[in-house]
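Worksheet: the structure to be examined is printed underneath.
The values are calculated or read from the model by the stated rules, or taken from the named source; none is laboratory data. Note that the structure is predicted; figures quoted are calculated from it, not measured. No Cβ is skipped: glycine too gets one built from the backbone with ideal geometry, and neighbour counts run over all protein chains shown. The protein model used for the area step is the full one, side chains on, heavy atoms only, and it has no ligands, DNA or RNA in it. Shrake-Rupley method; radii C 1.70, N 1.55, O 1.52, S 1.80 Å.
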Amino acid sequence: MTKTNVWRVKQAHDSQLREQLSEAASQLREGGIIAFPTETVYGLGADARSSAAVERIFTAKGRPSDNPLIVHIAGRKQLDELVLPYSELASSLMEQFWPGPLTIVLPVREDALSPLVTAGLSTVGIRIPDHRTALALLEIADCPIAAPSANRSGRPSPTLAEHVLEDLDGRIDGLVDDGATGVGLESTVIELAGEHGIRILRPGGITREALQEAAPHALVDSASVDEPESAPRSPGMKYTHYAPQGELELVQGHFEAVAAYIRDQVEAAKKRGEVTGVLAFEERLNRYDADHVYSLGSEAELGTAAHQLYAALRDFDGAGAQRIWAEGCTEHGIGAALMNRLAKAAGNRIIRV
Ligand code: TXA
Ligand code: MG
């Protein structure tokens, strides 16, 4: 067991923040592993140049070693030390979306980072987070910070400091608690295909539509979901993720049919004596009489749904739900990331009605 220090910085004024972060930053520089908030989810950080530190991340999370980590930097000045020269398109996307929830996969410079960070790939995913506390911590630590989401592998990503402690208390050196994160889903991960191609490896806070608008001449596509497991483009996407302990099914189709299907399933499960849960949009909440019904907010406000999704998935665990049904939604805008995470949480049990 490690003692996990907690630094609460939520109320800190800008002038106090740096002082409050100095201990966390020194621990990072000395090989510690520290969880910190970003605008997407909480990350578990370590000095990306130190294999000893990075190895501790994999151990604490129980993460497979073939799944590379995203590297976080405070500004573009740090970038050239880490990656090889990149295209105009990459530069333009950085200009438009950094700081922000966009991770760009670029060819890594030899010996710039621990090989554990890249899981032996010749590329590295990099982003500058759009979050006051994350940026201050990165600046003070003054080194590239590798940080996957700060959850035990396979669990929903943490959007509150409490979620980090649930999963990792006693396994990490510290946690910077700054309350709830923003987007609530992880960053969009892209790779560049030639001079004009953008391939979305993981949908997230920066939508396909936003990328297309930012790069009107680019060809934006998504990595095929049924590519061979042996050579995934974004290794993390092949694992079951974000899963609650109960068995979750994602139900897509016309809302009337979806509601009818879920109602029938809940009724049958209750007869079998199972604890049931439903994850639904506000518009249809009152149609369900499962043991636990959680709202994702209005279907017209998918940003709110993204913000709440992981906390809701964790709530089902707290409630002991054994069977859970989730309503599907449009895959437009942030809906694409939402459906991607729900499909993963469902272990791809997707019912079309
Ligand atoms: O929003 C986020 O991205 C959060 C916060 C903490 O920044 N981090 C995060 O990290 O979600 P993680 O490790 O949970 O997810 C990283 C994803 C994985 O799917 C991984 O396979 C992919 O990024 N990835 C990392 N490096 C890659 C690379 N070189 N090539 C392809 N995919 C890569
Ligand atoms: Mg993760």
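Express the accessible area of the chain per residue in Å², computed with a 1.4 Å probe while the remaining protein chains stay in the model.
43 Å²
Farthest toward the dipole's positive end in the chain, which of 26, 353, 185, given Cβ charges of +1 (Lys, Arg) and -1 (Asp, Glu) about the Cα centre?
Of the candidates, 353 comes out farthest on the positive side.
What is the dipole size for the chain, taken about its Cα centre, with +1 at each Lys and Arg Cβ and -1 at each Asp and Glu Cβ, in debye to the nearest 20?
Computed about the Cα centre, the dipole is about 660 debye.
Across 5 Å bins from the origin, how do the percents of Cα pairs in the stretch 247-352 run, short distances first?
2, 14, 26, 28, 20, 7, 2, 0
Enumerate the lysines that residue 270 could reach by cross-link, defined here as Cα to Cα under 22 Å, with residues fewer than 8 away along the same chain left out.
Output for residue 270: empty list, no partners.
Name the lysines eligible as straight-distance cross-link partners of residue 3: C-alpha to C-alpha under 24 Å, and not fewer than 8 places from it in the same chain.
Candidates past the 8-residue exclusion: 61.
What percent antiparallel are the DSSP beta bridges of the chain, to the nearest 5?
Percentage antiparallel, nearest 5: 35.
Given the -39500 (n - 2.57) contribution per DSSP H run of 4+ residues, what per-residue ellipticity at 222 nm results for the chain, rounded to the nearest 500 deg cm²/dmol?
Using -39500 (n - 2.57) per qualifying helix, the result is -9500 deg cm²/dmol.
Could you give me the radius of gyration and the Dmax of the chain, taking only the C-alpha atoms into account and expressing both in angstrom?
Taking only Cα atoms of the chain, I get Rg and Dmax of 20.2, 62 Å.
Tally Lys and Arg at +1 and Asp and Glu at -1 over the other residues with C-beta under 12 Å from the C-beta of residue 61: what net charge comes out?
+3
Given a 1.4 angstrom probe, I'd like the percentage of the accessible area of the chain that is carbon and sulfur, rounded to a whole number.
Solvent-exposed carbon and sulfur of the chain make up 48 percent of the total.
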